[in-house]
Structures are given as C-alpha cells and as structure tokens.
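Working notes, structure below.
The values are calculated or read from the model by the stated rules, or taken from the named source; none is laboratory data. All of these numbers come straight from a predicted model, not from anything done at the bench. Cβ coordinates were reconstructed from backbone atoms using ideal geometry, including for glycine residues, and neighbour counts include every protein chain displayed. Just so you know, the surface numbers come from the protein's heavy atoms only, side chains and all, with ligands and any DNA or RNA stripped out. Shrake-Rupley method; radii C 1.70, N 1.55, O 1.52, S 1.80 Å.
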Amino acid sequence: MSTISDKTGLCLQVEDHLADVLDGSADAALYEHIADCDACRDLRYDAERAAGVVKSASADFRAPAGFAE
C-alpha cells in the first residue's frame, strides 16, 4: 500500500484527473490504483465529501423577488 510520502505516477494522475474519478469517467487503472493506495483513497473520499457539502450548501437558497436572471 502507498502512503503520502511515496507518491507514484498514478497518484499524480489521480490528482490530475480527480473530477473524472468522481464522475466515473476515469481510466480503469486509476480506480485499481485507488483501491490499493491509502493516500489516493483518502483523496477521493475527501473530494466526494467536499462535493457533497458544496452541492447541498445552496439547497435552501431562494432568489429574491424581482431578481433578474
């Protein structure tokens, strides 16, 4: 298993393609790497949580009456 101190080329690819990883369109090799790498698994988990927080942050927002689109 990898740790933060021994990043590989695949770790860097996971970082570069994190949006693709989150939306499911990344290369299969990246998902295989994430399954074996603690640092990348943690990165994916943190990014998924952050995306969820951002998505729900505006759930109660209502535009003021008369707001022009």
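A few remarks follow.
- Residue in segment 37-44 that is under 16 Å from Thr8 (Cβ atoms), free of Cβ contacts under 8 Å to residues at least 24 places away in the same chain and not charged (D, E, K, R) present: no
- The set of residues from segment 32-50 being open to solvent by 20 Å² or more (accessible area, probe 1.4 Å) and touching a Lys or Arg at 6+ places or on another chain (Cβ under 9 Å) comprises Ala35, Ala39.
- Residue that is modelled with pLDDT under 90 and either closer than 22 Å to Thr8 by Cα or open to solvent by less than 80 Å² (accessible area, probe 1.4 Å) (or both), where the choices are Ala26, Ala59: Ala59
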